[in-house]
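One structure below.
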Amino acid sequence: MSAYIDFLSHPGKPLDEHLTKVATAAEGIMRQTNFASSRLAYYAGLLHDIGKLNPFYQELFHAAPDRQKSLESELESKYERQHSVFSAWAAEKLLCKELDPNRLQLVLCTIAAHHSYLSNEVSSEKITDRGKRAKKGLLENLAQFRKTMPASEHFGNLDWEHCLAEFALPMDFQLKLKSKSGDATRDFVEAEVVFSSLLQADRGSFSERQDIKYDLHMDTGKLVRAESPLSRLRTGFQQWFAGVHDTSAPISVLNAPTGMGKTKVFLDLINEYAGKHGVSRVMYFSPLLALTEDFESKVAQVLGPKALDDILVYNHLFTGSLSDKQENRVLESLGYNFDNESFNSKFVISTTQRLLMILYFNAVADKMKLASLRNSLLIVDEIQVVPKFMLPNLVEMLRVICREMNAKVLLVSATIPYELSSNVPINRVPPALLREYHHLTMKKISFVPRFKPPAGTNGKKVLVMANTRKKAKQIFDGIKKDDTDSLLYVTSGIRKKDRSNTIKLIHESKKGMLVVSTQVLEAGVDVSFAEVYREVAPLDSIVQVMGRLNREGDDENPVLYIFQPDQDHRPYSELEYQESLKVLKKVRNSKELYGKLDGYYEQVSAKNLRNADRMAELERLVGDMDFEGVSSFVNNHVFTEEEGHSMIVPDTEQDLQDILAKLKSMQKFDKQSFKAYSALTANLPGSAHKEIKDYLDSDLLERGILLPRPGSLKEVYDPEVGLDKWIK
C-alpha cells in the first residue's frame with residue numbers, strides 16, 4: 001500500500017490541485033480559438049502529470065528540501081525517472097471510453113511530449129527493472145489517489161476500474177495520430193495548438209498570468225521626414241494603403257518598393273487594430289537582426305519610455321523588454337521567464353526564422369509560443385526571404401491560424417515570388433505612385449565585366465557588397481586605405497555592438513566613406529549610399545540593396561554597379577543566380593529591373609523541379625501528421641548551418657578577466673546566459689576552429705563557450721576586420 005495520501009506534483013504542491021489548475025487553464029486557452037478541441041486540452045492538462053505518482057517523485061518531493069539533491073541519485077538507482085509516458089499510459093486507460101481513438105491519440109501524444117518533442121505516436125519503451133519497480137509503485141499510488149477523490153468533479157468520471165485493471169500490462173501504444181477531417185493542414189495546426197495550450201497552462205501555472213490586451217498608441221507622425229524629396233510620395237503611399245487595406249481580411253499582402261515608408265504603414269496599421277477587430281497582441285517578424293533593430297528604433301521613437309516595457313524583443317541574441325535592451329539591463333534579466341518564452345506580451349518583435357520554428361518545429365520551447373498567435377496581428381516583413389518551396393504551405397498554415405485562431409496577417413515585400421502571388425491577392429502600389437517613385441528614385445544599373453574597387457569616394461558614401469565574407473575581405477584588403485575618406489568593414493565577423501555602431505555612423509555621418517560588406521546591410525537597414533557595387537545575386541537581393549542606394553532621393557545620378565568576380569553562385573541556388581545574371585546583363589535602370597521581376601519569378605518557379613519536389617514532400621509530411629518529420633525537413637532545408645560558432649569578444653583585457661570569472665563560476669551555462677553577452681559576439685569563420693583553438697580558454701571551450709584566453713584578445717580580434725582575420 002502507498003505510504004502517501006497527500007500526493008505532490010512538485011515539492012509542496014498538491015498533485016490534484018496542479019492537475020485541475022492546468023486542465024482548466026488549457027481548456028480556457030483552447031476556448032479562445034475556434035478549434036472544437038477544448039475538451040482534449042482539458043484532459044491533457046488533467047492527466048499530464050498523473051505519472052508523477054511514480055514513487056521516485058513522491059519520495060523525492062516529500063523529502064526535506066536540504067536532502068532532496070542527495071536523495072536523487074539514490075532514487076534513480078531504484079526507480080526509472082519517468083513520468084510523461086507513464087502519464088500517457090494511464091490516460092489511455094482512463095479515457096478510452098470517453099474519446100474516439102484518434103482524438104484520444106492526440107491527447108496521449110500531447111501528454112507524452114510535454115517535456116520533449118511532439119510526435120504523432122507514443123514510443124513503447126522497453127521497461128528496465130527500475131521501470132518495473134516504478135510502474136508497480138505507480139499502480140499502487142493510482143489506486144490510493146482514486147480513493148482520495150472519489151466524487152471529484154474532475155477525476156470522478158474517469159474509468160478508474162479499467163485503468164487499475166490494465167495498467168500493469170506491458171506498455172504498448174499501437175496507434176499513430178492521423179488527419180481525419182479532410183483538411184490536413186488544419187488538423188496539423190490543431191494538434192500543435194492543443195500541445196501549445198497544455199505547455200502554456202503547465203509552465204504558466206507557477207505564476208499569476210494576466211490577460212493580454214493591446215492598448216498602446218504610437219505617434220507615427222514623428223517618423224515623417226518633411227525635408228525628404230520622397231516625403232510627399234510616402235504620404236501618398238501611406239494614405240493609399242490606409243484606404244485599400246481591408247481590416248477584416250485574414251491575410252493581406254503588400255507589394256511596395258523599398259524606401260516607400262513601409263515602417264510607418266506598419267505602425268499606422270497597428271494603431272488601427274489597437275483595441276479593435278479582436279486583436280490582443282501584435283507581432284512583427286523580419287529575417288534580419290539589423291532590420292528588427294531598425295524597427296525597434298522606430299517603435300522607440302513613437303512610444304513613450306514607459307510603454308517600452310510592453311515590447312518584447314526575442315531573438316537568438318537577446319530576450320527581454322525593449323526598455324531592458326535600450327538600458328542595457330541584460331544581465332539583470334537572466335533566467336527563465338515564462339511570459340517571454342510563451343510570447344505572452346502585447347507587442348513582440350522577433351525574426352521570421354522564429355516564426356517558422358514556432359509553426360514547423362516540434363520542440364517544447366518553440367511550440368509553447370504557438371497558442372499566443374491567437375487574437376494577434378502578425379506582420380511578416382521581407383516575406384520573399386522564406387524559401388519559395390515553403391510559401392504555399394506557409395500561406396495555408398497562416399490561413400488556418402487566421403480562421404481558427406482569430407488572427408490577422410500582413411505579408412510584406414518589395415518582391416513577390418510566383419509561389420506567393422499565385423496563392424493570395426496582392427495589394428500593389430498604384431501605377432501613378434509607382435511612376436512617381438521610379439522618377440524620384442531612378443537608379444542607373446551598370447554591369448561591370450571587370451571589377452576593381454573604387455579609388456576614392458569623392459566625398460560620397462559608397463557601398464561594395466560581396467556574397468561571402470572571404471570575398472569581402474579580399475576586396476577590403478585590396479583597397480588602398482589612403483585613397484578614401486573613411487574605410488569601413490561590416491560582416492558577421494564583426495561584433496554585433498561594432499556593427500550597430502557602424503550602421504549608426506553611416507546613417508548619421510555627412511562625410512564620404514567606403515563601406516565593404518556582405519548581405520548584413522542588404523535589407524531594411526536605414527542607411528543610404530550614392531553608389532553601390534553589388535556582386536551578382538538573385539534579383540530579390542539586388543532589389544533589396546537598391547533600397548540602400550539614394551534612399552532619400554538626394555543624390556544625382558545614383559548608380560548600381562553589378563560585378564561578377566567569378567562563376568561561383570554560392571550561397572545562392574545556381575538556378576536563381578543564372579536566371580538573374582541574364583536579366584542583370586540587360587537592364588539599364590531600376591525601373592526596367594522592377595518590370596522584369598514577375599517574369600523572372602515565373603520562370604524560376606517553372607524550372608525549379610527541386611522546389612516542386614520539396615513542396616510535395618512537405619505537404620506529404622504535414623498530411624501524415626509527422627511532426628518530427630516536418631521539423632527535421634524544415635531544419636535541413638531552411639536552417640542551414642552557420643559559417644561558424646559565435647564567440648564572445650570583450651572590449652578590454654579587464655573585461656575579459658571579469659567575464660571569464662563569471663562564466664567559470666556558473667554551474668550551468670545556457671542560451672539565456674549567452675544572451676547577456678550578445679552585443680559582444682561575432683561569428684567565427686567555419687574554417688578557423690583548429691587554428692584559433694590555442695587562443696581560447698580551454699575550460700570554457702569544453703563547455704562549448706568560445707572566449708579568448710587572458711592576454712590573447714588582440715591576437716584573436718582585429719579592430720578593422722574582426723574575426724575575419726582568420727579567413728584564409
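The values are calculated or read from the model by the stated rules, or taken from the named source; none is laboratory data. No experiment lies behind these values; they were computed from the predicted model shown. Cβ atoms come from the backbone with ideal geometry, glycine included; neighbour counts cover every protein chain shown.
A few comments on the model shown:
- Matching option when the condition is out of contact with any Lys or Arg (no Cβ under 7 Å at 6 or more places or on another chain), crowded, with 20+ Cβ neighbours inside 10 Å and hydroxyl-bearing (Ser, Thr, Tyr), among Tyr79, Tyr57: Tyr57
- Tally of residues being outside any loop (DSSP other than H, G, I, E, B) and among the β-branched types (Val, Ile, Thr) across segment 456-482: 3
- Note on segment 521-577: among residues that are among the polar types (S, T, N, Q) and surrounded by fewer than 22 Cβ atoms within 10 Å (Cβ to Cβ), the one that is nearest to Gln384 (Cα to Cα) is Ser573.
- Residue pairs whose Cβ atoms lie under 8 Å apart, separated by 6 or more positions or on different chains, with the first residue in segment 419-444 and over 30 Å from Phe389 (Cβ atoms) and modelled with pLDDT of 90 or more and the second β-branched (Val, Ile, Thr) and assigned to a strand (DSSP E or B), are Lys443/Val559; Lys444/Val559.
- Residue within segment 46-53 that is surrounded by 20 or more Cβ atoms within 10 Å (Cβ to Cβ), over 30 Å from the mean Cα position of the chain (by Cα) and of a type in the set (Lys, Arg) present: yes
- Among residues of segment 597-626 that are without any contact (Cβ under 8 Å) to a residue 60 or more places away in the chain, those with a beta-carbon under 7 Å from a residue that is surrounded by 14 or more Cβ atoms within 10 Å (Cβ to Cβ) and in a helix (DSSP H, G or I) at least six positions away or on a different chain give the pairs Gln603/Glu579; Lys607/Leu575; Glu617/Phe633; Leu621/Gly629; Leu621/Val630; Leu621/Phe633.
- Whether a residue is outside any loop (DSSP other than H, G, I, E, B) and either more than 27 Å from Arg225 (Cβ to Cβ) or touching a strand residue (DSSP E or B) at 6+ places or on another chain (Cβ under 6 Å) (or both) was assessed, and Leu291 does not pass this test.
- Search result, residues across segment 110-133 that are farther than 12 Å from Trp89 by Cβ and in contact (Cβ under 8 Å) with a residue 60 or more places away in the chain: Thr110, Ala113, His114, His115, Ser116, Tyr117, Leu118, Ser119, Asn120, Arg133
- Subset of segment 439-455 [hydrophobic (A, V, I, L, M, F, W, C) and assigned to a loop (DSSP other than H, G, I, E, B)]: Met442, Phe451, Ala455
- Residue list for segment 681-724, restricted to those being in a helix (DSSP H, G or I), in contact (Cβ under 8 Å) with a residue 24 or more places away in the chain and within 28 Å of the chain's Cα centre (by Cα): Gly686, Ser687, Ala688, His689, Leu700, Leu723, Asp724
- For segment 10-38, the tally of residues that are over 27 Å from the mean Cα position of the chain (by Cα), of a type in the set (A, V, I, L, M, F, W, C) and not in a helix (DSSP H, G or I) stands at 1.
- Failed criterion for Ser323 (all others in (1) surrounded by 19 or more Cβ atoms within 10 Å (Cβ to Cβ); (2) assigned to a helix (DSSP H, G or I) hold): (1)
- Filter pass, Val587 being part of a loop (DSSP other than H, G, I, E, B), closer than 24 Å to Glu382 by Cα, touching a Leu at 6+ places or on another chain (Cβ under 9 Å) and among the hydrophobic types (A, V, I, L, M, F, W, C): yes
- Matching residues in segment 119-130 - criterion: being small (Gly, Ala, Ser) and either touching a strand residue (DSSP E or B) at 6+ places or on another chain (Cβ under 8 Å) or not in a loop (DSSP other than H, G, I, E, B) (or both): none
- Val583, sole failed condition from (1) within 26 Å of Ala466 (Cβ to Cβ); (2) surrounded by fewer than 17 Cβ atoms within 10 Å (Cβ to Cβ): (2)
- Each residue in segment 131-175 was checked for being under 44 Å from the mean Cα position of the chain (by Cα) and outside any helix (DSSP H, G or I), and 18 pass.
- Taking the numbered list (1) assigned to a loop (DSSP other than H, G, I, E, B); (2) among the aliphatic types (A, V, I, L, M); (3) more than 30 Å from the chain's Cα centre (by Cα) in turn, Leu560 passes all entries but (1).
- Condition check for Gly182: among the small types (Gly, Ala, Ser), out of contact with any Pro (no Cβ under 7 Å at 6 or more places or on another chain) and in the same structural domain as Ser342 (by TED's automatic domain parsing): no
- Top-ranked residue of segment 623-638 - restricted to ones that are assigned to a loop (DSSP other than H, G, I, E, B) and touching a Leu at 6+ places or on another chain (Cβ under 7 Å), ranked as modelled with the highest pLDDT: Met625
- Criterion (closer than 30 Å to Asn589 by Cα and touching a residue at least 40 places away in the same chain (Cβ under 8 Å)) met by exactly one of Lys408, Lys461, Lys452: Lys461
- Ser492 falls short on exactly one of the conditions (1) in a helix (DSSP H, G or I); (2) more than 23 Å from Arg588 (Cβ to Cβ), and that condition is (1).
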